[in-house]
Each structure stands twice: as structure tokens, then as C-alpha cells.
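Before any comments, here is the structure.
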Amino acid sequence: MRIAQISTLAARVSQDAHGSVESLIWLMMREFRRLGHEVTVFGAAGSEADGEVVSTLPGPYGENDSLDDWQLCEWTNLCEAVKRSGRFDVMHSHAYLWGLPLDAFSQVPMVHTMHIIPEPDSARLWTLYPNACVTAITRHQWSAFPHLQPAAVIPHGVDASQFSLRTSPDDYVCYMGRFEPGKGPCQAISAARAAGVRLLMAGPNNPYFREKVAPLIDGKSVEYLGFVKGADRNKLLGGAKALLYPIQYPEPFGLVIIEAMLCGTPVAAMRLGAVPELIEEGCNGFSVDSADELPGAIVKSFSLDRSRIRQSVEEKFSVARMARQYLGVYESLRSQSAFA
């Protein structure tokens, strides 16, 4: 099958992309190629992939003379991809649902996947194009709009080979992610201190970090390591006694949760969004309803069997499983389509 992936342009497609969507697309392309398919990605110049890269803009948002307006970047990439749709058997857009109005102009079937919690406008857009093929990444993602039923629910996959099981962790807990109010970095600090454990924090430095988080970091009970990737990410997650995931608003997924579990590291999280679909209570972590309960969940998680934690997610969130599910959607769509 000739498969086109339409990336977002927050980052270049690569194995270690800053954007989780771009790194996920890199994984999908590698697996599709392994299974014998021809793959192409449309994205920012400088992208790397196991297949053809079509660069539609000179860089991600605002970089290397690319467009400063991120929405124009996404729309340009989408239009350039659809213009070339006749080369493929199916196109898969990850650019929110902005490709839905372009379905009628594509010469092949299109699949659309959002990687955020949809807002009412996204639901209204889908309602305008009720025959569009939209997939979800968790059951929670579209649960606020029960009249809209995704063609499939396909959780993200993670490359287990990039994460090593650590049965004997070091003496710290970890926060890993962007520094913004909804991710709960300040709540992570409060919970770790209440639990009496050292906290290591990793993520890109930004204005919110400098204004709100940095003043709480003392370099002893709380340390900041900067942005980590690759082997350093594996080492940090594997060495942690627990990953803290104190989100303050619902998330549609949580890749770092699965990455931590592949290292054998349990997760202590707020019970919001897709968290109940990712955490098996008392097996690979604990989730709670209030910040006051989080320190207790952290301490309880230390007693969980780290080998069992990895086993609980190794196949369920594998790249091979994710690729098989998407290929099933592509084949089904092609067989039902007027393009077949």
C-alpha cells in the first residue's frame, strides 16, 4: 500500500522530535516500511523518516523563514499533501481535523486523527462532514460528544526497545513534560515534598518555568535537569521510584506514562482524561481525585512489582499493535471507498 502521513509542523519529524506527534509519525513510518508498505511524510524541511520526506515549508512554525502563523503552516502542509494525493492509496492527516473540508478534493481516501482533546468547534466541523473517517487515540478523547463515533480507537504505541527495565531504581521521583499550568509541575513539587522524596524535573525551559517553577527549585529536594531525550530520557525514567503525572486538565493520552512503565517505573497521577485507560490501579500505578491524595499514591506506588509493570504495557501499547490497527482502518476505508 502507498501510504502518506501528513504531519503537524510544531517540530521536524524525527525519532527524538520535541513534538510527540512528529515522533509518533516517525515510529509509524518505520513500522509500515517494515511491513512492506511504501510511506511518505509531508512536513517541515529537515524531517527524518524511514521513507520519502516531502518538505512543504522550510521549517517548523516560524523557523528558517517558515510562516510565523502556526495555523497557516498546518493549512499549507495539508493543501500541498492533498495536491499530490493521486500518488497514494490512502492519506492520514494528523493536523487536527482541518483536513476534513479537503476530503472532497483528495483523489484517495483520507483518515483524520487529532492528538488533543477536541473543542466544540472540532465537533461541529466533524458534524459538517459526517462521512469522514476520524480515529481516536483513547475512548475518553471524544467522549464529550457521544453523537460522534470514531471509526476506531487506536492508542499510541511506544518503541519498547528504547526503554530498559530497571528493577532497582535510585532514590528520587520524576516529573517529565512541558512546564505549563495544566501539566501540574508546581503540584508535582508540592506532592513530592509532602511525600518526603527528592524530585527531578525535566522539560524545555519556558516563561512559565522561569516565573512559576524555578523559584520552587532548591537544587536539593527539587532539581531541574533541562530537556532530556534518547538514552538520557530512558535513564531518568528508569532510575525513578515513580513518575508524577499531576495534570490539572484532561489529556487525551499520556505517552510519558507508557514510557515510564516500560522502564518498570510506576505512575502516580491525577485521575483525569485518559489516565484510567492507561493506569491499572495497583498493578502499574495509582490515580487519585485530589491533590491531597497524591503524596499517598506516590508512596504506595513504590511497592509495586517493576517487572510486572513493564509486562502490563509491553504489548498493549506496542508500535506493532498500533500499526496493525491503522492498517486495518486504511484497508477497510479503501474497500468501502469510491476510490477503490
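Would you confirm whether any residue within the range 181-195 is modelled with pLDDT under 95 and part of a helix (DSSP H, G or I)?
Within the range 181-195, none of the residues are modelled with pLDDT under 95 and part of a helix (DSSP H, G or I).
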query = Given the structure, is Phe286 of a type in the set (Phe, Trp, Tyr), free of Cβ contacts under 8 Å to residues at least 40 places away in the same chain and at negative phi?
reply = yes
Scanning the range 206-239 residue by residue, the ones that are under 12 Å from Met176 (Cα atoms), open to solvent by 50 Å² or more (accessible area, probe 1.4 Å) and part of a loop (DSSP other than H, G, I, E, B) total 3
Taking the range 109-143 and keeping residues under 25 Å from Leu278 (Cα atoms) and small (Gly, Ala, Ser) leaves Ser122, Ala123, Ala136, Ser143
Of (1) in contact (Cβ under 8 Å) with a residue 12 or more places away in the chain; (2) open to solvent by 50 Å² or more (accessible area, probe 1.4 Å); (3) within 30 Å of Asp305 (Cβ to Cβ), Ser168 satisfies every one except (1)
Over the range 1-51, the set of residues hydroxyl-bearing (Ser, Thr, Tyr) and assigned to a loop (DSSP other than H, G, I, E, B) is Ser7, Thr8, Ser14, Ser47
Subset of the range 103-142, residues farther than 22 Å from Ser7 by Cα and crowded, with 16+ Cβ neighbours inside 10 Å, comes to His140
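To keep it simple, each residue is scored yes or no on (1) within 21 Å of Met201 (Cβ to Cβ); (2) among the charged types (D, E, K, R); (3) out of contact with any Leu (no Cβ under 9 Å at 6 or more places or on another chain).
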position	(1), (2), (3)
Val256	yes, no, no
Ala269	yes, no, no
Ser287	yes, no, no
Lys300	no, yes, yes
Gln311	no, no, yes
Gln325	no, no, yes
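The values are calculated or read from the model by the stated rules, or taken from the named source; none is laboratory data. All values derive from a computational prediction rather than experimental measurement. Please note: Cβ atoms are built from the backbone with ideal geometry, for glycine as well, and neighbour counts cover all protein chains shown. Note: areas computed on protein heavy atoms with side chains; ligands, DNA, RNA excluded. Shrake-Rupley method; radii C 1.70, N 1.55, O 1.52, S 1.80 Å.
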